[in-house]
1. Regarding Leu102, is this residue under 24 Å from Glu36 (Cα atoms) and touching a residue at least 12 places away in the same chain (Cβ under 8 Å)?
2. Return a yes/no flag: does region 174-185 have any residue that is under 17 Å from the mean Cα position of the chain (by Cα) and closer than 22 Å to Thr101 by Cα.
3. Test of understanding: among Val22, Val71, Val108, which residue is modelled with pLDDT under 95, of a type outside the set (D, E, K, R), out of contact with any Cys (no Cβ under 9 Å at 6 or more places or on another chain) and under 20 Å from Ala161 (Cβ atoms)?
4. When you scan region 10-33, how many residues do you find that are within 20 Å of Arg85 (Cα to Cα), touching a residue at least 40 places away in the same chain (Cβ under 8 Å) and surrounded by fewer than 16 Cβ atoms within 10 Å (Cβ to Cβ)?
5. Against the definition (farther than 25 Å from Arg210 by Cα and modelled with pLDDT of 95 or more), how does Ser12 come out, yes or no?
6. Within region 212-231, which residues are on the phi > 0 side of the Ramachandran plot, surrounded by 11 or more Cβ atoms within 10 Å (Cβ to Cβ) and either small (Gly, Ala, Ser) or modelled with pLDDT of 95 or more (or both)?
7. Kindly list the number of the only condition in (1) in contact (Cβ under 8 Å) with a residue 40 or more places away in the chain; (2) closer than 25 Å to Leu11 by Cα that fails for Gln152.
8. Inside region 10-64, can you point out the residues that are more than 24 Å from Ile184 (Cβ to Cβ), in a loop (DSSP other than H, G, I, E, B) and of a type in the set (Ser, Thr, Tyr)?
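The values are calculated or read from the model by the stated rules, or taken from the named source; none is laboratory data. Model, not experiment: these values are computed from the prediction. Methodologically, a virtual Cβ is constructed for each residue, glycine included, from the backbone with ideal geometry; neighbour enumeration extends over all protein chains shown.
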Amino acid sequence: MDEPILRVRNLSKTYMQGKIPVHALSDVSFDVDKGEFLSIVGPSGSGKSTFLSMIGLLDKPTSGSVFIDGVEVTKATDSQAPKIRREKIGFVFQHFNLIPTLSAFENVDIAMRFARVPKSKRKERAVELLTQMGLRDRMNHKPSELSGGEQQRVAIARAMANNPAIILADEPTGEVDTKTRDMIVELLRGLSENGQTILIVTHDTSVSARTRRIIKMLDGKIESDTKVEGT
């Protein structure tokens, strides 16, 4: 069998509030296979966002390891982390995080520019992805000229630009209406069916119910890990 695309081993994170230790994550371990479409759920303070920060190299754990595509990313230095993020991880955020002065095309292109992809390949890839997102006719529009759903599709295209091992989506439907939410979830499902690994953090049970696996967190630990039947 192929090695899991994501391996998490005994991951812990402890913060200090004054002299009081707060255990945001406590000995979390699990594997994710290539092409999985899974959600991380749980109440506020359960450790979801902390966990996402550890995987995305936005913060460092107190102990434990994270391996992405065979690379132990938790050993990355501050200077190595940006390169790993560019090459291994695609991010999709609740508030889209597009650059307002750039067009949809330029927002996708810039992700590849930082990765030093040649200009001709950047153009080809950006057009391909935005067409896949149904935005071929909107490529020259700036974020302020796009709907929330269109902006999120641009963000998904940007996240995929460098062929990441995994896409981390933090409340990706939190800023859109229900119709657009459903469209975005189905879009992400389709990407998963084509082999893209996608991990969603969400409070929305109608979103998590459409993923193929649900990991529920509580008090910094995994409370349950469930395969969703019929999805």
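1. Considered against the rule, which asks whether it is under 24 Å from Glu36 (Cα atoms) and touching a residue at least 12 places away in the same chain (Cβ under 8 Å), Leu102 comes out as no.
2. The answer is yes, given that some residue of region 174-185 is under 17 Å from the mean Cα position of the chain (by Cα) and closer than 22 Å to Thr101 by Cα.
3. Val71
4. Count: 1.
5. yes
6. Gly220
7. Failed condition: (2).
8. Scanning region 10-64 gives a single hit, Thr62.
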